[in-house]
Amino acid sequence: MSDTIFMKIINKEIPSDIIHEDDQCVAFRDVNPQAPVHFLVVPRKAIPRLQDLSPEDEPLIGHIHSVITLLADKEGIAEGYRVVANSGASAGQSVFHLHFHVLGGRPMHWPPG
């Protein structure tokens, strides 16, 4: 897990447009945005996917969601945005470090894909 692109961003080994960081998570703009506002929030802790969360991670996930709402407000999308977490390759997860996509700034349609 320590060699994922997200760990390299967290460790500042590769550049990224970081919009938030604290002791528990880092948020940065997606390099291939799918909406006018598209950023990712990743925990500093190396967790491969949602299925790998443990009960001890509950405060971390709560913190991440607080950061998402803070950033949605800061980015001007608080009135409507989507949060996506793919878990596993068959769901489209390509980087096996838990991450949450936050997309907004345009109408979101259902079903998503």
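The values are calculated or read from the model by the stated rules, or taken from the named source; none is laboratory data. These numbers were taken from a predicted model, which means no experiment stands behind them. Glycine gets a Cβ as well: all are built from the backbone with ideal geometry, and neighbour counts include every protein chain shown. Side chains included, ligands, DNA and RNA excluded: accessible areas come from the protein's heavy atoms. Shrake-Rupley method; radii C 1.70, N 1.55, O 1.52, S 1.80 Å.
A few remarks follow.
- Screening the stretch 1-24 for residues that are of a type in the set (D, E, K, R) and under 13 Å from residue 95 (Cβ atoms) and picking the one that is most open to solvent (accessible area, probe 1.4 Å) gives 3.
- Filter result for residue 12 (on the phi > 0 side of the Ramachandran plot and either of a type outside the set (Gly, Ala, Ser) or in contact (Cβ under 8 Å) with a residue 12 or more places away in the chain (or both)): yes
- Among the candidates 91, 85, residue that is in contact with a Phe, Trp or Tyr (Cβ under 6 Å, 6 or more places away or on another chain), surrounded by fewer than 18 Cβ atoms within 10 Å (Cβ to Cβ) and not aromatic (Phe, Trp, Tyr): 85
- In the stretch 39-52, the residues that are hydrophobic (A, V, I, L, M, F, W, C) and open to solvent by 40 Å² or more (accessible area, probe 1.4 Å): 46, 50
- Just one of the listed residues (43, 48, 59) is modelled with pLDDT of 95 or more and touching a Cys at 6+ places or on another chain (Cβ under 6 Å), and it is 43.
- Lone unmet requirement of (1) basic (Lys, Arg); (2) outside any helix (DSSP H, G or I); (3) without any contact (Cβ under 8 Å) to a residue 60 or more places away in the chain for residue 106: (3)
- Here 83, 67, 95, 41 are screened, and the one residue that is of a type in the set (A, V, I, L, M, F, W, C) and assigned to a loop (DSSP other than H, G, I, E, B) is 95.
- Scanning the stretch 29-38 for residues that are touching a strand residue (DSSP E or B) at 6+ places or on another chain (Cβ under 8 Å), on the phi < 0 side of the Ramachandran plot, surrounded by 17 or more Cβ atoms within 10 Å (Cβ to Cβ) and assigned to a strand (DSSP E or B) turns up at least one hit.
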